[in-house]
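Student: My questions will all concern the structure given below.
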Amino acid sequence: METINTLTDKLKEEAILHDYVDLNNKANGMCVKDGNEYYILLDAKLIDDQELHKTVLAEELGHYYTMMDDPTPKVNDTYQRKCRIDKEEEKALRWATNHVIPDDELLDYLADHKYAILQDLIDHFQVPEEFLMKKLQHMASKQEYYEVCEKYYLCLSNLPSIYITRFLDANIESKAKALYGRK
């Protein structure tokens, strides 16, 4: 599981400079490219909120790994550029959710805790609820069910409701295993 320390280690590995500054409530973080140098600026208030700190740092790292264009909004942005920025933001957030909450770790946790509630997941992965829900939305965009363990499946077809189900009909269960079984 990613922590602030493991994410900070990635900053060092990639030689990304980072600092904590007052972003005046305009953003929690920014990834800026200046020539060949990358900088990640995080709002100083994040130091007091470990969950938000971790997820914002992960998202800004996501910008570094997925950035094709500078996603910083400008005053006279065109509609087309705003759409491109939204796509860049979504790619960075998808990267962040996949690295802070990998699918296999989430499914393994649920296999061991079949009766977990949302708060249990939030506590285990140490993330804000919005971040966890975004992870689940990303997973649901790929498929509706994920095999948690034999005969049990995480159902994401009715977000924001999530639950673990068991198919009682053997025919349906075998189809579910073929479609959604762990690889």
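Residues are listed down the side, and each one gets a yes or a no for (1) touching a Cys at 6+ places or on another chain (Cβ under 7 Å); (2) surrounded by fewer than 16 Cβ atoms within 10 Å (Cβ to Cβ); (3) assigned to a helix (DSSP H, G or I):
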site	(1), (2), (3)
85	no, no, yes
90	no, yes, yes
95	no, no, yes
106	no, no, yes
111	yes, no, yes
115	no, yes, no
122	no, no, yes
127	no, no, no
132	no, no, yes
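Student: Okay, next question. List the residue pairs whose Cβ atoms are under 6 Å apart, where the first residue sits in the range 44-67 and is more than 8 Å from residue 95 (Cβ to Cβ), the second is among the charged types (D, E, K, R), and the two are 6 or more positions apart or on different chains.
Tutor: 44/22
Student: Just to be sure, is residue 75 in a loop (DSSP other than H, G, I, E, B) and either out of contact with any helix residue (DSSP H, G or I) (no Cβ under 6 Å at 6 or more places or on another chain) or modelled with pLDDT of 85 or more (or both)?
Tutor: The answer is yes for residue 75.
Student: Which of the numbered conditions does residue 153 fail, given that it passes all the others? Conditions: (1) in contact with a Leu (Cβ under 9 Å, 6 or more places away or on another chain); (2) open to solvent by less than 60 Å² (accessible area, probe 1.4 Å).
Tutor: (1)
Student: Can we say residue 78 is over 30 Å from residue 166 (Cβ atoms), of a type in the set (Ser, Thr, Tyr) and open to solvent by less than 70 Å² (accessible area, probe 1.4 Å)?
Tutor: Working: over 30 Å from residue 166 (Cβ atoms): yes; of a type in the set (Ser, Thr, Tyr): yes; open to solvent by less than 70 Å² (accessible area, probe 1.4 Å): no.
No; evaluated as a whole, the condition is false for this residue.
Student: Okay, moving on. Which numbered condition trips up residue 64, out of (1) touching a Cys at 6+ places or on another chain (Cβ under 6 Å); (2) of a type outside the set (Gly, Ala, Ser); (3) part of a loop (DSSP other than H, G, I, E, B)?
Tutor: (3)
Student: For residues that are touching a Ser or Thr at 6+ places or on another chain (Cβ under 7 Å), among the charged types (D, E, K, R) and more than 23 Å from residue 92 (Cβ to Cβ), tally how many sit in the range 131-183.
Tutor: Of the residues in the range 131-183, 1 are touching a Ser or Thr at 6+ places or on another chain (Cβ under 7 Å), among the charged types (D, E, K, R) and more than 23 Å from residue 92 (Cβ to Cβ).
Student: Turning to a different aspect of this structure: Scan the range 118-129 and give yes if some residue there is more than 26 Å from residue 59 (Cβ to Cβ) and out of contact with any strand residue (DSSP E or B) (no Cβ under 8 Å at 6 or more places or on another chain), otherwise no.
Tutor: Scanning the range 118-129, I find no residue that is more than 26 Å from residue 59 (Cβ to Cβ) and out of contact with any strand residue (DSSP E or B) (no Cβ under 8 Å at 6 or more places or on another chain), so the answer is no.
Student: I'd like the full set of residues that are free of Cβ contacts under 8 Å to residues at least 24 places away in the same chain, in a strand (DSSP E or B) and either open to solvent by less than 30 Å² (accessible area, probe 1.4 Å) or of a type in the set (Val, Ile, Thr) (or both), limited to the range 23-43.
Tutor: Selection gives 43 alone.
Student: Could you tell me whether any residue of the range 134-155 is among the acidic types (Asp, Glu), within 16 Å of the chain's Cα centre (by Cα) and either part of a helix (DSSP H, G or I) or within 13 Å of residue 173 (Cα to Cα) (or both)? Give the derivation first.
Tutor: The first filter runs over the range 134-155 and keeps only residues among the acidic types (Asp, Glu), leaving 144, 147, 150.
Checking which are within 16 Å of the chain's Cα centre (by Cα) leaves us with none.
Scanning the range 134-155 turns up no residue that is among the acidic types (Asp, Glu), within 16 Å of the chain's Cα centre (by Cα) and either part of a helix (DSSP H, G or I) or within 13 Å of residue 173 (Cα to Cα) (or both).
Student: Are there any pairs with C-beta distances below 7 angstrom linking a residue in the range 160-183 that is surrounded by 12 or more Cβ atoms within 10 Å (Cβ to Cβ) to a residue that is at pLDDT below 75, with the two at least 6 apart or on different chains, and if so which?
Tutor: Once the first residue is surrounded by 12 or more Cβ atoms within 10 Å (Cβ to Cβ) and sits in the range 160-183, its partners that are at pLDDT below 75 give 167/173; 167/176.
The values are calculated or read from the model by the stated rules, or taken from the named source; none is laboratory data. Bear in mind the structure is a predicted one, so any value in this text is a computation, not a measurement. Virtual Cβ from ideal backbone geometry, glycine too; neighbours counted across all protein chains shown. Each accessible area value is taken on the protein alone, full model and side chains, heavy atoms only, with ligands, DNA and RNA left out. Shrake-Rupley method; radii C 1.70, N 1.55, O 1.52, S 1.80 Å.
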